[in-house]
Amino acid sequence: MSNICRVSGDPLELVVDFGRQPLGNGFLNQEDFKNEYFFNMQCGFNEKSKMFQLINQPNPEIMFHENYAFFSSTSNYMKKHFYNFYESIINSDYLSNDPFIIELGCNDGIMLENFANNNFKHLGIEPSKNVAIEANKKGVRTISDFFDNSVANKIIADFGQADCFISANVMCHIPNIHSVAEGISKILKTTGVLIFEDPYLGDVIEKTSYDQIYDEHVFLFSAHSVQYLFSNYNLELINLEPQVTHGGSMRYTLAHKGMYEINPNVKKYLSKEKLQGLDKVETFHNFQSKIIESKNKLLDLLNSLKKDGHQVFGYAATSKSTTILNYCGITNDLIGKIYDTTPIKHGKFSPGMHIPILNYEEFKNEKAKYGFLFAWNHSKEIIEKETHYKSQGGHWITHVPEVMAF
Ligand code: JHZ
């Protein structure tokens, strides 16, 4: 275990401790219970880099492999979001006449297929082989690799430099971020831009959405920490655009220093972050207290429902649910099953607490009156889809922005 900031190299201060946790996406069969992988999930903060991060993280090969359980295209809303993202790029001033777009962590091609379908020169880089195969099937040219500075050299030699290097919900997964940032700075043309989005630290603190923290998310970024990190490679923040996705994300645009005008949003969000205390370690000690409060309220609610004879089910076996279930110690007498749309998860059990994952098709026969909305970030889409459940007297439970049943 190393408690050194991955960005500044200074010591990290321990701010949040979740104890022993399994892999967020480690859905498993019964015969694998005895060999299940656990690690000590603690978070640290460093006031120099302003980077909130896991103190130790499992090796990438343990998390991202040929059986990786997350396929991006499970949400229609996200498909639309990535189409809009694509449109904003092609309508921007950043592209040359024959632009080359690279996406880091393209998953099953949910974003790049928009470029591929419209004949843009593109390349996806995706370490999980099974999802990379799906992307290639869709006509998205994808290589399966972990991107870093040396892979950047190879891509430049084979394909040339990029106009636009994009990534969504990926950068915050990468521990060797310096090598990635260095690779990006050289892969970008002089006029090239890096545009990426990830769950935003400001939203996580505001909503106490601590379930955004699990093995895969080694960092939770803010404008301050992104600015600090990329300034080492002469890349400057030129825009910040908040997104509603994943419970509150931020889209960061960076370019070689001095190439573009800086949007006023950069100043605005940096000031807002100072007011919120995202640059100060005390904020994160307070965050730990709020997490404990949220956990206690959730357990009170689930225990009182159990006492009243209710059987609660879970809706969507998200990675986030792994943190809630294991940190709160929610056993299958409190939540008996979880419905999910991803075939690879069906018939398996949730990491750590071993709650059975059922095919979403069976949800239509569900009679229970309380369901925990583990995909609270997709609540608009889900509530619209499941009006039937509510109209028959069903209630959703959430812990964001506070614990409640509605
Ligand atoms: P969702 C993943 O997190 C993992 P997760 C990863 N680390 C990351 O950063 C984000 O995504 C981007 C199910 N579902 O999107 C399908 C339903 O069953 O919140 C999936 O199993 N019904 C890469 O897992 C899971 O939810 C539905 O109607 O927390 C995906 O959950 C919907 C919308 C989803 O991401």
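The values are calculated or read from the model by the stated rules, or taken from the named source; none is laboratory data. Note that the coordinates shown come from a computational prediction; the quantities given were computed from them, not determined experimentally. Glycine gets a Cβ as well: all are built from the backbone with ideal geometry, and neighbour counts include every protein chain shown.
For segment 76-98, what are the residues that are among the charged types (D, E, K, R) and surrounded by fewer than 15 Cβ atoms within 10 Å (Cβ to Cβ)? LYS80, GLU87, ASP93, ASP98, listed by residue number.
Scanning segment 379-405 for residues that are touching a strand residue (DSSP E or B) at 6+ places or on another chain (Cβ under 6 Å), more than 21 Å from ASN76 (Cβ to Cβ) and not small (Gly, Ala, Ser) yields HIS395, ILE397. Residues in segment 369-406 that are surrounded by fewer than 14 Cβ atoms within 10 Å (Cβ to Cβ) and part of a helix (DSSP H, G or I): LYS380, GLU384, LYS385, THR387, HIS388, LYS390, SER391.
In segment 357-374, which residues are free of Cβ contacts under 8 Å to residues at least 40 places away in the same chain and more than 28 Å from the chain's Cα centre (by Cα)? LYS364, ASN365, LYS367 - these are the residues of segment 357-374 that are free of Cβ contacts under 8 Å to residues at least 40 places away in the same chain and more than 28 Å from the chain's Cα centre (by Cα).
Within segment 304-320, which residues are surrounded by fewer than 20 Cβ atoms within 10 Å (Cβ to Cβ), touching a residue at least 24 places away in the same chain (Cβ under 8 Å) and among the charged types (D, E, K, R)? Of everything in segment 304-320, just one residue is surrounded by fewer than 20 Cβ atoms within 10 Å (Cβ to Cβ), touching a residue at least 24 places away in the same chain (Cβ under 8 Å) and among the charged types (D, E, K, R), namely LYS306. Among the residues of segment 296-316, are any within 16 Å of the ligand (Cβ to nearest atom), closer than 14 Å to ASN25 by Cβ and in contact with a helix residue (DSSP H, G or I) (Cβ under 6 Å, 6 or more places away or on another chain)? No, segment 296-316 has no match at all.
Yes or no: segment 243-251 includes at least one residue that is loosely packed, with under 15 Cβ neighbours inside 10 Å and either outside any helix (DSSP H, G or I) or in contact with a Cys (Cβ under 7 Å, 6 or more places away or on another chain) (or both). Looking through segment 243-251, at least one residue is loosely packed, with under 15 Cβ neighbours inside 10 Å and either outside any helix (DSSP H, G or I) or in contact with a Cys (Cβ under 7 Å, 6 or more places away or on another chain) (or both).
Can you spot a residue in segment 254-264 that is of a type in the set (Asp, Glu), at pLDDT 95 or above and over 30 Å from GLU13 (Cα atoms)? Yes: one or more hits. Close contacts from segment 321-346, counting a first residue that is in contact (Cβ under 8 Å) with a residue 60 or more places away in the chain and closer than 13 Å to PHE374 by Cα and a second that is among the basic types (Lys, Arg) and buried (at least 16 other Cβ atoms within 10 Å of the Cβ), with Cβ to Cβ under 9 Å and a gap of 6+ residues or different chains, come to ILE324/LYS295.
Kindly indicate whether PRO60 is touching a residue at least 60 places away in the same chain (Cβ under 8 Å), more than 16 Å from the ligand (Cβ to nearest atom) and closer than 30 Å to GLN161 by Cβ.
no
Before we move on, is ASN119 in a strand (DSSP E or B) and surrounded by fewer than 16 Cβ atoms within 10 Å (Cβ to Cβ)? No. Would it be correct to say that VAL204 is within 16 Å of the ligand (Cβ to nearest atom), of a type in the set (Val, Ile, Thr) and assigned to a helix (DSSP H, G or I)? The answer is yes for VAL204.
Taking the condition of being away from the ligand (no atom under 13 Å from the Cβ) and in contact with a Phe, Trp or Tyr (Cβ under 8 Å, 6 or more places away or on another chain), how many residues in segment 339-365 meet it? Number of matching residues: 5.
Before we move on, is ASN377 in contact (Cβ under 8 Å) with a residue 40 or more places away in the chain, within 23 Å of LEU220 (Cβ to Cβ) and within 10 Å of the ligand (Cβ to nearest atom)?
Working: in contact (Cβ under 8 Å) with a residue 40 or more places away in the chain: yes; within 23 Å of LEU220 (Cβ to Cβ): yes; within 10 Å of the ligand (Cβ to nearest atom): yes.
For ASN377, the condition - in contact (Cβ under 8 Å) with a residue 40 or more places away in the chain, within 23 Å of LEU220 (Cβ to Cβ) and within 10 Å of the ligand (Cβ to nearest atom) - is met.
Counting the residues of segment 212-242 that are assigned to a helix (DSSP H, G or I) and among the hydrophobic types (A, V, I, L, M, F, W, C) gives 4. Tallying residues that are touching a strand residue (DSSP E or B) at 6+ places or on another chain (Cβ under 6 Å) and over 27 Å from ILE213 (Cβ atoms) within segment 301-321 yields 2. Pairing residues of segment 202-230 that are touching a residue at least 40 places away in the same chain (Cβ under 8 Å) and among the acidic types (Asp, Glu) with residues that are assigned to a loop (DSSP other than H, G, I, E, B) and crowded, with 24+ Cβ neighbours inside 10 Å, at Cβ distances under 6 Å and at least 6 apart in sequence or on separate chains, gives ASP215/GLY24; GLU216/GLY24.
Might you let me know whether segment 319-329 holds any residue that is assigned to a helix (DSSP H, G or I), more than 16 Å from the ligand (Cβ to nearest atom), of a type outside the set (Asp, Glu) and touching a Gly at 6+ places or on another chain (Cβ under 6 Å)? No, segment 319-329 contains no residue that is assigned to a helix (DSSP H, G or I), more than 16 Å from the ligand (Cβ to nearest atom), of a type outside the set (Asp, Glu) and touching a Gly at 6+ places or on another chain (Cβ under 6 Å).
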